[in-house]
Amino acid sequence: MTALIHITPKPDILDPQGRAVSSALHDLGYTEVSEVRIGRYITLEFDATAGQDPRPRLEEMCRRLLANINIETFKIEIQQ
Amino acid sequence: MTFGIVVFPGSNCDHDCYWGLKHELGLSVRFIWHRQRNLEGSDCIILPGGFAHGDYLRAGAIAQFSPVMDSVYQHAQKGKPVIGICNGFQVLTEIGLLPGALLRNDTQRFRHEPVRLRIERKDTRFTHAYNGASVIELPIAHGQGRYYAPAEIIEELEAGQQVLFRYCDAQGSLGAESNPNGSLQGIAGIMNRPGNVMGLMPHPERRMNARVGGADGRALFQSIATFG
């Protein structure tokens, strides 16, 4: 199976990278853009155990290594 | 007192630390490869600057799981000194020995320049040998040095007087102009509540001799070596 993991800075964290990209988009004329936030996207292949929900272990991976929960949030999607 | 400098793949200030401690201060020092668990009798552990494991994922994220870090964690839990410089500070926050996180500089640039720092306390094991002025100059060299922690953690740090260094101007005043990366409260270096673990973004090991730009880093290591 494949897990698609989105990691983004928490809403109250200033994201200077997103801010720079946002101003570049404005310079290109895309003035409708009000905010850009930049995170990471991870695809992770794993062997699923039959009858077992893979989510708890994936969440543990996010908390322990893939995301820093002090400053980031994560979202996991699972594809068969 | 023996200093042990942890060497991760990608560390690049390890030799500066070694040179400064051994040849400038005449202290006992050794390297500790990140795969080993034995700290070889080191009394103070230094996590040096650099780009451990290429800063992949996040700065310090992978280094926190190097085998040596189990032993470093235990060392700290026993109340023994551990310091993290720059990338080492990032590792200490990732592993949870120090609170908060170091985010990308608000300027979006890698900043490498001398900065002024105000020493907030001179009664700690890391700063007691600073006898002179309270404003010192050390270089920074980082892209991710913006100290951040939630408001309640910042409050705890301030209440516990755990902030040891802040970015300031020549007079010791704080302000946006003298803050190179957007750190909250101008924080450049903090210690943990018990006072045995310290992290800072500037590089004291690069200011060990006036012939190479300054000697304001010496007293930090001398403090550790002569504490207690």
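Every read-out reported here was derived from the displayed coordinates using simple, explicitly stated rules and does not represent laboratory data. None of these values were measured; they are calculated from a predicted model. Using ideal geometry, Cβ is built from the backbone for each residue, glycine included, and neighbour counts are taken over all protein chains shown.
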Residue list for the range B:46-69, filter: away from chain A (no Cβ under 14 Å) and either over 18 Å from the mean Cα position of the chain (by Cα) or among the β-branched types (Val, Ile, Thr) (or both): B:Ile46, B:Gly54, B:Pro67, B:Val68
Candidate set: the range B:166-188, residues that are part of a loop (DSSP other than H, G, I, E, B) and without any contact (Cβ under 8 Å) to a residue 12 or more places away in the chain; chosen: the one nearest to the other protein chains (Cβ to nearest Cβ): B:Gly175
Selection within the range B:92-104 - within 12 Å of another protein chain (Cβ to nearest Cβ) and within 15 Å of the chain's Cα centre (by Cα): B:Thr93, B:Glu94, B:Ile95, B:Gly96, B:Leu98, B:Pro99, B:Gly100, B:Ala101, B:Leu102
Restricting the range B:86-95 to residues that are of a type in the set (A, V, I, L, M) and within 25 Å of B:Arg206 (Cα to Cα), the residue that is surrounded by the fewest Cβ atoms within 10 Å (Cβ to Cβ): B:Val91
Failed condition for B:Ile83, given (1) within 14 Å of chain A (Cβ to nearest Cβ); (2) buried (at least 23 other Cβ atoms within 10 Å of the Cβ): (1)
Residue list for the range B:28-73, filter: surrounded by fewer than 23 Cβ atoms within 10 Å (Cβ to Cβ) and under 15 Å from B:Met198 (Cα atoms): B:Asp43, B:Tyr73
Members of the range B:35-79 that are touching a residue at least 40 places away in the same chain (Cβ under 8 Å) and under 17 Å from B:Leu21 (Cβ atoms): B:Ser42, B:Asp43, B:Cys44, B:Ile45, B:Ile46, B:Leu47, B:Pro48, B:Gly49, B:Gly50
Qualifying position, being away from every other protein chain (no Cβ under 14 Å), part of a strand (DSSP E or B) and hydrophobic (A, V, I, L, M, F, W, C), among B:Ala141, B:Ala76: B:Ala141
Residue in the range B:116-137 that is over 24 Å from B:Ala76 (Cβ atoms), buried (at least 22 other Cβ atoms within 10 Å of the Cβ) and of a type outside the set (A, V, I, L, M, F, W, C) present: yes
